[in-house]
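For reference, the structure is listed below as structure tokens.
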Amino acid sequence: MELSEQNVKKQRPVHLDLQTIHFPATAKVSILHRVSGVIMLFAMGILIWLLNASLASAESFQGVQALFDNFLVKFVIWGILTALGYHLLGGIRHLVMDTGRWEELGSGNASAKAVLVLAVALSIIAGIWVW
């Protein structure tokens, strides 16, 4: 039986409303892992700049140290630490999945939810440490 081009086009969705699509926990964790990786890419620039500035002289070290009194700088550092913690947890989850574990529906969802819960805990700990 041959499908005509017109029939194939009719079976495809005309409009995907992305606000009504609900991703499973595994998809959310995977997408957020990629997002946190991109954040870490840009964060490395900030951290290298801060390191370079702090090592230039004793005065510049004190200047960098004084930056950390600013709320916005503390917020950015907290965001970087949160992204790092999440990316680390998501990476460990992916490494375990590469060994063939946590690939079933139940264990995959459980590991995804565990990553989210642990990431929130690490974010709170990082916030307490920064502030």
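The values are calculated or read from the model by the stated rules, or taken from the named source; none is laboratory data. On a predicted model such as this, the values are computed, not experimentally measured, just so you know. Here the Cβ positions follow ideal geometry from the backbone for every residue, glycine too, while neighbour counts run over all protein chains shown. Side chains included, ligands, DNA and RNA excluded: accessible areas come from the protein's heavy atoms. Shrake-Rupley method; radii C 1.70, N 1.55, O 1.52, S 1.80 Å.
Failed condition for Thr82, given (1) under 28 Å from Ala114 (Cβ atoms); (2) open to solvent by 70 Å² or more (accessible area, probe 1.4 Å); (3) polar (S, T, N, Q), with all others met?
The failed condition is (2).
List the pairs whose first member sits in the stretch 105-122 and is over 16 Å from Ala27 (Cβ atoms), whose second member is assigned to a helix (DSSP H, G or I) and of a type in the set (A, V, I, L, M, F, W, C), and whose Cβ atoms are under 9 Å apart, counting only residues at least 6 apart or on separate chains?
So the pair list comes out as Leu118/Leu89; Leu122/Leu81; Leu122/Leu84; Leu122/Leu88; Leu122/Leu89.
Among the listed residues Arg34, Arg93, identify the single one that is open to solvent by 70 Å² or more (accessible area, probe 1.4 Å) and either assigned to a helix (DSSP H, G or I) or in contact with a Leu (Cβ under 8 Å, 6 or more places away or on another chain) (or both). First the steps, then the outcome.
On the way: Arg93 fails: open to solvent by 70 Å² or more (accessible area, probe 1.4 Å).
Just a single option satisfies the conditions, and that option is Arg34.
Just wondering, is there one or more residues in the stretch 105-112 that are over 18 Å from Trp129 (Cα atoms), open to solvent by 70 Å² or more (accessible area, probe 1.4 Å) and modelled with pLDDT under 95? Full working, then the answer.
Of the stretch 105-112, the ones over 18 Å from Trp129 (Cα atoms) are 105-112.
Then keep just the ones that are open to solvent by 70 Å² or more (accessible area, probe 1.4 Å); that gives 105.
Then drop every residue that is not modelled with pLDDT under 95, which leaves 105.
Yes, the stretch 105-112 contains at least one residue that is over 18 Å from Trp129 (Cα atoms), open to solvent by 70 Å² or more (accessible area, probe 1.4 Å) and modelled with pLDDT under 95.
Report the residue count in the stretch 1-30 for those that are of a type in the set (A, V, I, L, M, F, W, C), outside any loop (DSSP other than H, G, I, E, B) and either open to solvent by 80 Å² or more (accessible area, probe 1.4 Å) or modelled with pLDDT under 85 (or both).
Start the filter on the stretch 1-30 by keeping residues that are of a type in the set (A, V, I, L, M, F, W, C), which leaves 1, 3, 8, 14, 16, 18, 21, 23, 25, 27, 29.
Checking the rest, the ones that are also outside any loop (DSSP other than H, G, I, E, B) come to 8, 25, 27, 29.
Subset that is either open to solvent by 80 Å² or more (accessible area, probe 1.4 Å) or modelled with pLDDT under 85 (or both): 8.
Here the count works out to 1.
Go through the residues of the stretch 114-125 one by one and say whether even a single one is modelled with pLDDT of 95 or more and not hydrophobic (A, V, I, L, M, F, W, C).
yes
Quick one: in the stretch 40-74, of everything that is of a type in the set (A, V, I, L, M, F, W, C) and in contact (Cβ under 8 Å) with a residue 24 or more places away in the chain, which residue is least open to solvent (accessible area, probe 1.4 Å)?
Ala43
Can we say Trp102 is buried (at least 17 other Cβ atoms within 10 Å of the Cβ) and either in a loop (DSSP other than H, G, I, E, B) or at positive phi (or both)?
Considered against the rule, which asks whether it is buried (at least 17 other Cβ atoms within 10 Å of the Cβ) and either in a loop (DSSP other than H, G, I, E, B) or at positive phi (or both), Trp102 comes out as yes.
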